[in-house]
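Engineer: Please see the structure below; I have some questions.
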Amino acid sequence: MTIVQHPARGSAYTLLSRWGGAVVLGLALVTAAGGTAAADPVTDRRGGGPDFGPGVTVFDPSMPVERIQATLDATHAKQVDNEMGTQRYAFLFKPGTYGTADKPLQIKVGYYTEVSGLGAAPTDVVINGKIEVYNRCLNNAGPNCLALVNFWRTLSNLSLNININAKGQDGCRSSANFWAVSQAVSLRRLDIKGGGLSLMDYCTDGPQYASGGFIADSRLPATTNGSQQQWLTRNTEVASWSNGVWNQVFSGVVGAPDDSAFPAPPYTTLDKTPVSREKPYLFADAKGKYNVRVPSAQHDSRGISWGNGITPGRTIPISDFHVAKPGDSVQTINTHLALGKHLLLTPGVYDIARSIQVRRPNTVVLGIGHATLTAARGAVPLEIGDVPGVVVAGVTIDAGPQESPVLLRVGKQRGWSWSSPRNPTTLSDVYFRVGGPHVGKTDTALEVNSDNVLIDHTWVWRADHGIEGFTDTQRWNTNTGRTGAVINGDNVTATGLFVEHFQQYNTTWYGENGTTILYQNELPYDPPTQADWMNGTVEGYAGYKVGAHVRNHTLHGAGVYVFNQNNPQIHTENGFEVPQTPGVKLRHIMTVNLSAGIIDHVVNGVGDAADTTKVGQPVYIKQYP
């Protein structure tokens, strides 16, 4: 962990498709000259500050803006194109104010980077300036700057006073704070004011598409969605919202737009969120001691959790966590879990050859800086017991070259189960990859067998591009993943379920009383032939399937996209497949063609074909049945 103190104190893309310092050890602190200084009792371990490892930098408000800026700029330069790299970073800001009107802090956030405040409330850390993500410019023929691959970054738990006339930014860049991102990106617990927020970058190579994101528990200024294809905003306050491409979903949002004219504009609004739990967050108290706040679950909630004081929940001292590093063995991690410790995963890539086992109720597994668990020797990297209240947050799970049966399993398929609707096991910002940085193989990515589980933002991705060295045709037989998410438990709620490119059903839901609020899916790009994409005698697999025996299920705001670039003649019979019963209700669903392949119907033979005669034009169904 780098603790920075004041010196005195010590490929080819199209618009409609996505193809694709010093290390501080012990108690030493970095000084301006690069040497060491005496330990600061506020930040060393005696004062409650653990060693978070070399991927974490903690900023103090007394440090000069120029030095903070230089540190952040250096990391962004390394990470702006490091899509498939192994470096992971977390930048944590202690309570206080950073930047001024004359010297604003201008943060650009690259791949595998988390920027978070260490306050008990978002208002405890104030940044004057901007925190931004721009279109990424790819190295191929002609201008090709876009946001369709801006994945894996986190911003949370701070206040941002946007300075739209920030020094060094003029013209187009002075018009907004840009956050042009796609999947596996979350904004949480933010108080943003002083200027507009744009979820696309219209300055770099003109307006370009972005492909999805997530905001929760935040207070936002006037927000321009622009070219974002899909977005979920949950339990937030927004001054205004403009524009939208396909699915724009609002749940429990004060100031949400009206959805009565759906699909023009394509808004889906729920007045309250049926089940929610905010993500745990790290904070430093008045004495400088580190803790983790674990918010309580809420039912039928609306607006922010911190408007009237600290977010309801419980506080766990960092001493109750095993603070893991990538070199820790699974045996060491499991021993600490069995002895009642919680688990904090510091930034890095962890090779997991046997399951990390979470068996005790109310255990917290919190990753910072996009900590990544990679399956080795066909292991299941993470197994959660049939117990209530477990929270897993901020963790990415990768398949390895030897096939795993599943990457994350919650509960057993059969046997005794102990769960609670008032205290659901919760997955927040948990992401999955099959392929991309290396060969990956799994049968299923996410399997939920327990009842009363909340999935609060996940991206389950079988890679459609990567650096494994294979063509798209080879990838079909090399990076294998049959099913993205399998939900067997009852009373499971998903708020922000993104699942893409799996080789059979992307999502199958067999539990009763399930609810999904925003679902986004792209069918696989790479089936070589129609024979490779057959479900018995049926052409293809629906992007979202509810089991035939299910009697009650609700889906709000969902899209299935097709881009069969390997073979544009391939058909998929239905985007959605559900039992025809009154208790199964789909609201605001659509299919769309991204320039190759055909989805014949939206759901159960209903709805026109999404084919190449209407590229980029969704086929909507307002309500089914």
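Engineer: Take the stretch 387-413 and flag every residue that is among the hydroxyl-bearing types (S, T, Y) and at pLDDT below 95. Break it down stepwise before answering.
Structural biologist: First, the residues of the stretch 387-413 that are among the hydroxyl-bearing types (S, T, Y): 396, 404.
Once the filter is applied, which keeps residues that are among the hydroxyl-bearing types (S, T, Y) and at pLDDT below 95, the stretch 387-413 yields nothing.
Engineer: Taking the stretch 145-196, which residues are β-branched (V, I, T), in a strand (DSSP E or B) and over 18 Å from I127 (Cα atoms)?
Structural biologist: Result: V185, single match.
Engineer: For the subset of the stretch 407-445 comprising residues that are of a type in the set (A, V, I, L, M, F, W, C) and touching a Pro at 6+ places or on another chain (Cβ under 9 Å), which member is farthest from H501 (Cα to Cα)?
Structural biologist: Across the stretch 407-445, the extreme among qualifying residues is W418.
Engineer: Could I ask something else about it? May I ask you to list the residues in the stretch 314-361 that are more than 27 Å from P401 (Cα to Cα) and among the aromatic types (F, W, Y)?
Structural biologist: Result: F321, single match.
Engineer: Here are N552, N593: which of them is buried (at least 19 other Cβ atoms within 10 Å of the Cβ) and among the polar types (S, T, N, Q)?
Structural biologist: From the options N552, N593, the qualifying one is N593.
Engineer: If I ask for residues that are in contact with a Ser or Thr (Cβ under 6 Å, 6 or more places away or on another chain) and farther than 21 Å from I304 by Cα, which ones from the stretch 115-132 would you list?
Structural biologist: Within the stretch 115-132, just N128 meets the criteria.
Engineer: If you don't mind, another one. Which one is farthest from I397 (Cα to Cα), of the residues in the stretch 420-434 that are out of contact with any His (no Cβ under 9 Å at 6 or more places or on another chain) and buried (at least 22 other Cβ atoms within 10 Å of the Cβ)? Working first, answer last.
Structural biologist: At the first step, the residues of the stretch 420-434 found to be out of contact with any His (no Cβ under 9 Å at 6 or more places or on another chain) are 420, 423-426, 432-433.
So of that shortlist, the ones also buried (at least 22 other Cβ atoms within 10 Å of the Cβ) come out as 424-426, 432-433.
On the way: P424: 21, T425: 18, T426: 16, F432: 5, R433: 6 Å.
Among those that are out of contact with any His (no Cβ under 9 Å at 6 or more places or on another chain) and buried (at least 22 other Cβ atoms within 10 Å of the Cβ), it is P424.
Engineer: Which one of the conditions (1) modelled with pLDDT under 95; (2) crowded, with 21+ Cβ neighbours inside 10 Å does A286 fail to meet, given that it meets all the rest?
Structural biologist: Tallying (1) modelled with pLDDT under 95; (2) crowded, with 21+ Cβ neighbours inside 10 Å, A286 fails exactly one: (2).
Engineer: Return the residues of the stretch 201-224 that are assigned to a loop (DSSP other than H, G, I, E, B) and surrounded by fewer than 24 Cβ atoms within 10 Å (Cβ to Cβ); say none if nothing qualifies. So that I can check it myself, show each step before the final result.
Structural biologist: Just the residues of the stretch 201-224 that are assigned to a loop (DSSP other than H, G, I, E, B), to begin with: 201-209, 211-212, 217-218.
Within the stretch 201-224, Y202, C203, T204, D205, G206, P207, Q208, Y209 meet the criteria.
Engineer: Are any residues in the stretch 455-474 crowded, with 24+ Cβ neighbours inside 10 Å and either modelled with pLDDT under 95 or closer than 20 Å to K412 by Cβ (or both), and if so, which ones?
Structural biologist: If the condition is that a residue be crowded, with 24+ Cβ neighbours inside 10 Å and either modelled with pLDDT under 95 or closer than 20 Å to K412 by Cβ (or both), then I455 is the only one that fits.
Engineer: Does S450 count as touching an Asp or Glu at 6+ places or on another chain (Cβ under 7 Å), at pLDDT 95 or above and within 22 Å of T493 (Cα to Cα)? First the steps, then the outcome.
Structural biologist: Working: touching an Asp or Glu at 6+ places or on another chain (Cβ under 7 Å): yes; at pLDDT 95 or above: yes; within 22 Å of T493 (Cα to Cα): yes.
The answer is yes for S450.
Engineer: Yes or no: the stretch 296-307 includes at least one residue that is more than 30 Å from L220 (Cα to Cα), modelled with pLDDT of 95 or more and touching a helix residue (DSSP H, G or I) at 6+ places or on another chain (Cβ under 8 Å).
Structural biologist: No - not one qualifying residue is present in the stretch 296-307.
Engineer: Which residue out of W418, W459 is among the aromatic types (F, W, Y) and in a strand (DSSP E or B)? Full working, then the answer.
Structural biologist: Details: W418 fails: in a strand (DSSP E or B).
One residue alone meets the criteria, W459.
Engineer: A further question on this structure: Can you tell me how many residues in the stretch 462-482 are of a type in the set (K, R) and either part of a strand (DSSP E or B) or in contact with a helix residue (DSSP H, G or I) (Cβ under 7 Å, 6 or more places away or on another chain) (or both)?
Structural biologist: Of the residues in the stretch 462-482, the ones of a type in the set (K, R) are 462, 475, 482.
Restricting the remaining residues to those that are either part of a strand (DSSP E or B) or in contact with a helix residue (DSSP H, G or I) (Cβ under 7 Å, 6 or more places away or on another chain) (or both) gives 462, 482.
Number satisfying all stated conditions: 2.
Engineer: Further, regarding this structure: Going by the conditions given, is P263 assigned to a loop (DSSP other than H, G, I, E, B), at pLDDT 95 or above, under 24 Å from L148 (Cβ atoms) and touching a Pro at 6+ places or on another chain (Cβ under 9 Å)?
Structural biologist: yes
Engineer: Tell me, yes or no, whether the stretch 383-393 has at least one residue that is among the small types (G, A, S) and within 16 Å of T483 (Cα to Cα).
Structural biologist: no
Engineer: Going by the structure shown, is I598 out of contact with any Lys or Arg (no Cβ under 9 Å at 6 or more places or on another chain) and β-branched (V, I, T)?
Structural biologist: When the stated conditions are applied, I598 passes them.
Engineer: Follow-up. Residue under question is G327, and the condition is that it be surrounded by fewer than 21 Cβ atoms within 10 Å (Cβ to Cβ) and within 21 Å of D456 (Cα to Cα); does it hold? Talk me through it step by step, then tell me what you get.
Structural biologist: Numbers: surrounded by fewer than 21 Cβ atoms within 10 Å (Cβ to Cβ): yes; within 21 Å of D456 (Cα to Cα): no.
For G327, the condition - surrounded by fewer than 21 Cβ atoms within 10 Å (Cβ to Cβ) and within 21 Å of D456 (Cα to Cα) - is not met.
Engineer: I'm checking my understanding of the structure. Among residues of the stretch 574-586 that are crowded, with 18+ Cβ neighbours inside 10 Å and of a type outside the set (A, V, I, L, M, F, W, C), which one is farthest from A494 (Cα to Cα)?
Structural biologist: Here the answer is N574.
Engineer: State yes or no: is N128 assigned to a strand (DSSP E or B), farther than 20 Å from F498 by Cβ and among the polar types (S, T, N, Q)?
Structural biologist: yes
Engineer: Pairs under 9 Å by beta carbon, first residue among the charged types (D, E, K, R) in the stretch 303-324, partner modelled with pLDDT of 95 or more and surrounded by fewer than 17 Cβ atoms within 10 Å (Cβ to Cβ), six or more apart or different chains?
Structural biologist: Pairs found: R314/S296; R314/N362; D320/G340.
Engineer: Which is of a type in the set (K, R) and either in contact with a Ser or Thr (Cβ under 8 Å, 6 or more places away or on another chain) or modelled with pLDDT under 95 (or both), of R88, R67? Even if it seems obvious, please write down each step before you answer.
Structural biologist: Numbers: R67 fails: either in contact with a Ser or Thr (Cβ under 8 Å, 6 or more places away or on another chain) or modelled with pLDDT under 95 (or both).
The match here is R88.
Engineer: Show me the strands (runs of 3 or more DSSP E) found entirely inside the stretch 551-625 where at least 3 residues are within 29 Å of W476 (Cα to Cα).
Structural biologist: Those strands (runs of 3 or more DSSP E) span 553-563, 571-577, 584-596, 598-603.
Engineer: Inside the stretch 266-282, can you point out the residues that are part of a strand (DSSP E or B) and not hydrophobic (A, V, I, L, M, F, W, C)?
Structural biologist: Y267, T268, T269, T273, P274, S276, R277, Y281 - these are the residues of the stretch 266-282 that are part of a strand (DSSP E or B) and not hydrophobic (A, V, I, L, M, F, W, C).
Engineer: When residues of the stretch 227-245 are filtered for being in a loop (DSSP other than H, G, I, E, B) and either among the acidic types (D, E) or buried (at least 21 other Cβ atoms within 10 Å of the Cβ) (or both), how many remain?
Structural biologist: Of the residues in the stretch 227-245, 6 are in a loop (DSSP other than H, G, I, E, B) and either among the acidic types (D, E) or buried (at least 21 other Cβ atoms within 10 Å of the Cβ) (or both).
Engineer: Would you mind telling me which numbered condition in (1) of a type in the set (G, A, S); (2) modelled with pLDDT of 90 or more; (3) assigned to a loop (DSSP other than H, G, I, E, B) S116 fails?
Structural biologist: All conditions pass for S116, except number (3).
Engineer: I want to confirm something. Restricting to the stretch 85-130 and keeping residues that are among the β-branched types (V, I, T) and more than 30 Å from H465 (Cβ to Cβ), which single residue is surrounded by the fewest Cβ atoms within 10 Å (Cβ to Cβ)?
Structural biologist: The qualifying residue surrounded by the fewest Cβ atoms within 10 Å (Cβ to Cβ) is T100.
Engineer: From the list K167, K130, K193, which one is of a type in the set (K, R) and modelled with pLDDT under 90? Steps first, please.
Structural biologist: On the way: K130 fails: modelled with pLDDT under 90; K193 fails: modelled with pLDDT under 90.
From the options K167, K130, K193, the qualifying one is K167.
Engineer: Are there any pairs, at least 6 apart or on different chains, whose C-beta atoms fall under 7 Å, with the first in the stretch 241-269 and over 19 Å from Q229 (Cβ atoms) and of a type outside the set (A, V, I, L, M, F, W, C) and the second at pLDDT 95 or above and part of a loop (DSSP other than H, G, I, E, B), and if so, which?
Structural biologist: Every condition considered, the pairs that remain are G252/N235; G252/K272; G252/R302; G252/G303.
Engineer: A further question on this structure: Could you figure out which of (1) touching a helix residue (DSSP H, G or I) at 6+ places or on another chain (Cβ under 7 Å); (2) aromatic (F, W, Y); (3) over 26 Å from L282 (Cα atoms) isn't true of Y111?
Structural biologist: (3)
Engineer: A further question follows. Restricting to the stretch 366-402, what's the tally of residues that are out of contact with any His (no Cβ under 7 Å at 6 or more places or on another chain), β-branched (V, I, T) and not in a loop (DSSP other than H, G, I, E, B)?
Structural biologist: Matching residues across the stretch 366-402 total 8.
The values are calculated or read from the model by the stated rules, or taken from the named source; none is laboratory data. Please read these numbers as outputs of a predicted model, since none were measured by experiment. Note that each Cβ is placed from the backbone with ideal geometry, even for glycine, and that neighbours are counted across all protein chains shown.
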